[in-house]
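Okay, structure first, notes after.
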Amino acid sequence: MSAGPAVGPALAIVLFSLASAAALLVRVGALGLGRDMLVVALRAAVQLTAVSLLIAAVLRSAGLTAAFIAGMVVIATATSGRRVTGSFRGRAWWTALPIAAGVGPVLGLLLATTLVPHRTVSVLPIAGIFIGGAMSATGLTGRRALDELRLRRGEYEGGLALGLPPRDAALELCRPAAALALFPVLDQTRTVGLVTLPGAFVGVLLGGADPVEAGAIQLLVLVGLLAVESVAVLITLELVATGRLSR
């Protein structure tokens, strides 16, 4: 018996009901996101259907898997870049640096030590988790840091008047805000197994692995994410402070 849900009319009905309920609730609450709820649910369904069909072919080849991971990095860069700068062009592409610098060394270490088997079915999901974490950390850091510089412009100029270099004056204002970007991964790691059972743990369990093995791979992913997102936050902060990332 399959551990996953049966794909059929019942799944479609339940998904439509849940998305509609979410849209109705935020509409009643006057949050202004009713349409967004339906759009993102539909978009997720289309994207996951396409990706599910594509993954079957991609996983047969190491080259295709590497190309797929590279495509994920490009999309993550575009998404975080737009979130930070409001555009897909120009300075937005600087966000590729914190994402690649965070994911590359950590994923390379796991592969070099063979803690992650050299199989496409193992590498792809972990790379996706790391890229997603780096994307979120980069986007949150850049956006919060630029907001701080805009809202506290007087303090920034005051720092310059006292003789601080522009980079140092910007860092003084942006560091506390940037640190908030690490709170989600800190909370996730702090409460794992007590409040949530994250995706990697559940996925490995559903794949038939021993619970201890599932716990080990989830711990590896979470601690890896701490390193990935720390690198991404620090580099993004530096890019903002030096003016390379701006709106």
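The values are calculated or read from the model by the stated rules, or taken from the named source; none is laboratory data. Keep in mind that what you see is a predicted model, and the values were worked out from it rather than measured. Glycine gets a Cβ as well: all are built from the backbone with ideal geometry, and neighbour counts include every protein chain shown. What goes into the accessible areas is simple: the full protein's heavy atoms, side chains included, and nothing from ligands, DNA or RNA. Shrake-Rupley method; radii C 1.70, N 1.55, O 1.52, S 1.80 Å.
Between (1) 140; (2) 110; (3) 162, which matches volume of the Cα convex hull per residue in Å³ calculated for the structure shown?
Computed from the coordinates, volume of the Cα convex hull per residue in Å³ corresponds to (3).
Taking the Cα centre of region 61-242 as the origin and placing charges on Cβ (Lys, Arg +1; Asp, Glu -1), which of Trp93, Gly159, Ala112 is farthest toward the positive end of the dipole?
Of Trp93, Gly159, Ala112, it is Trp93.
Find the accessible area per residue for the chain; the probe is 1.4 Å, ligands and nucleic acids are left out, and the unit is Å².
58
Could you calculate, for region 57-128, the ratio of the Cα radius of gyration to the Kirkwood radius, expressed as Rg to Rh?
On the Cα set of region 57-128, Rg over Rh gives 1.05.
With a 1.4 Å probe and all protein chains left in place, how much of the accessible area of the chain comes from carbon and sulfur atoms, in whole percent?
With neighbouring chains kept in place, the figure for the chain is 69 percent.
Check every DSSP H run in the chain and write down those whose alpha carbon atoms cover 24 angstrom or more along the long axis and whose mean Kyte-Doolittle hydropathy is -0.5 or greater.
Taking the DSSP H segments of the chain (at least 24 Å long, mean hydropathy at least -0.5), we get 9-28, 34-58, 62-85, 120-151, 211-241.
Tell me the accessible surface of Phe183 in square angstrom (1.4 angstrom probe, heavy atoms of protein chains only), to the nearest ten.
Roll a 1.4 Å probe over it and Phe183 shows about 110 Å².
Only helical DSSP H runs with n ≥ 4 go in: add -39500 (n - 2.57) per run for the chain, normalise by residue count and round the 222 nm mean residue ellipticity to 500 deg cm²/dmol. Walk me through the intermediate numbers first.
Details: 10 runs with 189 residues, N = 247.
Helix-only estimate at 222 nm: -26000 deg cm²/dmol.
Per 5 Å bin from zero, what fraction in whole % of the C-alpha pairs of region 1-60 is there, up to the bin with the longest pair?
Percent of Cα pairs in each bin: 4, 17, 17, 21, 16, 11, 8, 4, 2, 0.
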